[in-house]
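Undergrad: Quick one: the structure is below, and I'll ask about it shortly.
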Amino acid sequence: MKVGILSGGGDAPGINAVIRAAVKKGIETYDCEMVGIRNGWRGLVESDFLKLNLEETSGILPRGGSILGTSRTNPFKHVGEAERILRNAEKKGIGATVVIGGEDTLGVAYKLYEMGFPCVGVPKTIDNDLHGTDYTFGFNTAVSIATETLDRLHTTAESHQRVIILEVMGRYTGWIALEAGLAGGADAILIPEKPFNLTEVCNLVKRRQSRGRDFSVIIVAEGAKPKEGKEILYSKGKDEFGHVRFGGVGYYLGKEIEKCTGTETRVVVLGHLQRGGSPTAFDRILATRFGIAAIDIVHRNQFGSMVAIQGNEIISVPLKEVVSKRKTVDLKLYELASIFFG
Ligand code: F6P
């Protein structure tokens, strides 16, 4: 059988580990012919393929990004492109496709599956916001980078008696901010799931100062917003899946805190440093397990599903369930983290 592989949506550390594992397992266990599909769904719209064998995937385990490239192409936004994908896959002789993606890419996979496109999803996103799996690969690496950044910001904030704000990614959820904030000892963690009260944030800074802790480090998710306000956007434009571009909440907070506390503030936006570079060992292993499991599920013709990790077990869940809702943060973990605020 010819098995296609594509990576769609935002890149994440670990994509190449999935590709390497799926190619190894497919060729050596099931004697498959593995076909790389370039740049997400666009590669199937344009019949942009490359042969994937053991040589191509040798040495890519620690590499960030995707050797296949990726895109935020939504074939359901362009008349006839979904049908073209079905035709091009058939023309190429692709019997099944491993789809590495987040909510958008897997949403397309589910709709194509309903149209007769045999596929298996692999949960990829630094946001960790996919329903049905405890973890997506890429998340642990993003949390590790943000945690290390917080450690660094603590020393400079303390030396200058400043408030430093770290803005992190996560789109509509606060998983990165919450876990990095907990691991990095942030003095406040602001997430979309709990709109913040600006006065309370300022009072937290002042309370610390009254205890002689004349510096604070605050982590804020890009989608966090004030109780009475709206999310802060980088621009008004939307991508092909209707997503806005967040950006600016860190600077908004920095200016407001400086105004209400009279304390010097500085702002760091971590941006795509959370997406680039080599995956952690945890993500390399998780991605490898996902890649192997995806090929096993293809072999069992269990299409329209996604590999997932629940506890420490790798299972499969229906794509229909995965795309039905977003996984927001565990508020019990947030309550635990709040013990350390201020
Ligand atoms: O979904 C992953 C993610 O990194 C989000 O956290 C972020 O808001 C978005 O992608 C950024 O997208 P792009 O790289 O297309 O600007």
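The values are calculated or read from the model by the stated rules, or taken from the named source; none is laboratory data. Given the structure is predicted, the values throughout are model-derived calculations rather than measurements. Methodologically, a virtual Cβ is constructed for each residue, glycine included, from the backbone with ideal geometry; neighbour enumeration extends over all protein chains shown.
Undergrad: Any chance you could count how many residues in region 118-131 are surrounded by fewer than 24 Cβ atoms within 10 Å (Cβ to Cβ) and away from the ligand (no atom under 12 Å from the Cβ)?
TA: Within region 118-131, the subset surrounded by fewer than 24 Cβ atoms within 10 Å (Cβ to Cβ) is 118, 129, 131.
If we keep only those that are away from the ligand (no atom under 12 Å from the Cβ) too, we end up with 118, 131.
The total comes to 2.
Undergrad: If you don't mind, there's one more thing I want to ask. If a residue has to be surrounded by fewer than 23 Cβ atoms within 10 Å (Cβ to Cβ) and touching a Pro at 6+ places or on another chain (Cβ under 9 Å) to count, how many in region 9-36 make the cut?
TA: 0
Undergrad: Please specify each residue of region 1-19 satisfying the condition of being among the β-branched types (Val, Ile, Thr) and more than 13 Å from the ligand (Cβ to nearest atom).
TA: The first filter runs over region 1-19 and keeps only residues among the β-branched types (Val, Ile, Thr), leaving 3, 5, 15, 18-19.
Across region 1-19, the qualifying residues are Val3, Ile5, Val18, Ile19.
Undergrad: When residues of region 69-106 are filtered for being within 16 Å of the ligand (Cβ to nearest atom), of a type in the set (Val, Ile, Thr) and within 21 Å of Ala22 (Cα to Cα), how many remain?
TA: Of the residues in region 69-106, 4 are within 16 Å of the ligand (Cβ to nearest atom), of a type in the set (Val, Ile, Thr) and within 21 Å of Ala22 (Cα to Cα).
Undergrad: Residue by residue through region 219-268, note down the ones that are over 23 Å from Val163 (Cβ atoms) and either surrounded by 17 or more Cβ atoms within 10 Å (Cβ to Cβ) or touching a residue at least 24 places away in the same chain (Cβ under 8 Å) (or both).
TA: Result: Asp239, Glu240, Phe241, His243.
Undergrad: For region 322-340, which positions are touching a Ser or Thr at 6+ places or on another chain (Cβ under 9 Å), of a type outside the set (A, V, I, L, M, F, W, C) and either within 15 Å of Gly184 (Cβ to Cβ) or not in a loop (DSSP other than H, G, I, E, B) (or both)? Quick ask: steps written out before the conclusion?
TA: Just the residues of region 322-340 that are touching a Ser or Thr at 6+ places or on another chain (Cβ under 9 Å), to begin with: 322, 326-329.
Filter again for of a type outside the set (A, V, I, L, M, F, W, C), leaving 326-328.
Within region 322-340, Arg326 is the sole residue that qualifies.
Undergrad: Of the residues Leu178, Leu150, only one is in the same structural domain as Gly254 (by TED's automatic domain parsing) and within 16 Å of the ligand (Cβ to nearest atom); which?
TA: Being in the same structural domain as Gly254 (by TED's automatic domain parsing) and within 16 Å of the ligand (Cβ to nearest atom) holds for just one of Leu178, Leu150, which is Leu178.
Undergrad: May I ask you to verify whether Ala177 is in contact (Cβ under 8 Å) with a residue 24 or more places away in the chain and either touching a Gly at 6+ places or on another chain (Cβ under 7 Å) or polar (S, T, N, Q) (or both)? Quick ask: steps written out before the conclusion?
TA: Values: in contact (Cβ under 8 Å) with a residue 24 or more places away in the chain: yes; either touching a Gly at 6+ places or on another chain (Cβ under 7 Å) or polar (S, T, N, Q) (or both): yes.
Yes, satisfied.
Undergrad: Same structure again: Return yes when Glu264 is more than 14 Å from the ligand (Cβ to nearest atom) and over 30 Å from Gly107 (Cα atoms) and no when it is not.
TA: Values: more than 14 Å from the ligand (Cβ to nearest atom): yes; over 30 Å from Gly107 (Cα atoms): yes.
The answer is yes for Glu264.
Undergrad: Enumerate the helices (runs of 4 or more DSSP H) found wholly within region 49-130, keeping only those where 2 or more residues are among the β-branched types (Val, Ile, Thr) and at pLDDT 95 or above. Lay out the reasoning, then the answer.
TA: Numbers: elements: 54-57, 81-92, 103-114.
It comes to 103-114.
Undergrad: Next question. Restricted to region 238-260, and to residues that are more than 30 Å from Pro75 (Cβ to Cβ) and touching a strand residue (DSSP E or B) at 6+ places or on another chain (Cβ under 7 Å), which residue is farthest from the ligand (Cβ to nearest atom)? Let's see the steps before the verdict.
TA: Taking region 238-260 and keeping what is more than 30 Å from Pro75 (Cβ to Cβ), we get 248-260.
Checking the rest, the ones that are also touching a strand residue (DSSP E or B) at 6+ places or on another chain (Cβ under 7 Å) come to 248-251, 253-254, 257-258.
On the way: Gly248: 12, Val249: 12, Gly250: 13, Tyr251: 16, Leu253: 17, Gly254: 20, Ile257: 23, Glu258: 26 Å.
Selected residue: Glu258.
Undergrad: Quick check on region 153-171. Is at least one of its residues part of a helix (DSSP H, G or I), away from the ligand (no atom under 16 Å from the Cβ), of a type in the set (Val, Ile, Thr) and over 18 Å from Ile257 (Cβ atoms)?
TA: Going through region 153-171, the residues part of a helix (DSSP H, G or I) turn out to be 153-160.
Filter once more, keeping what is away from the ligand (no atom under 16 Å from the Cβ): 153-160.
Imposing the further condition that a residue be of a type in the set (Val, Ile, Thr) reduces the set to 155-156.
The next check asks that each one be over 18 Å from Ile257 (Cβ atoms); those that pass are 155.
Yes, there is a match, as at least one residue in region 153-171 is part of a helix (DSSP H, G or I), away from the ligand (no atom under 16 Å from the Cβ), of a type in the set (Val, Ile, Thr) and over 18 Å from Ile257 (Cβ atoms).
Undergrad: In addition: Tell me whether region 138-155 contains one or more residues that are hydroxyl-bearing (Ser, Thr, Tyr) and under 23 Å from Gly311 (Cβ atoms).
TA: So the first thing to find is which residues in region 138-155 are hydroxyl-bearing (Ser, Thr, Tyr), and the list is 141, 144, 147, 149, 155.
Next cut, under 23 Å from Gly311 (Cβ atoms) only: 141, 144.
Checked against the condition, which is being hydroxyl-bearing (Ser, Thr, Tyr) and under 23 Å from Gly311 (Cβ atoms), region 138-155 yields at least one hit.
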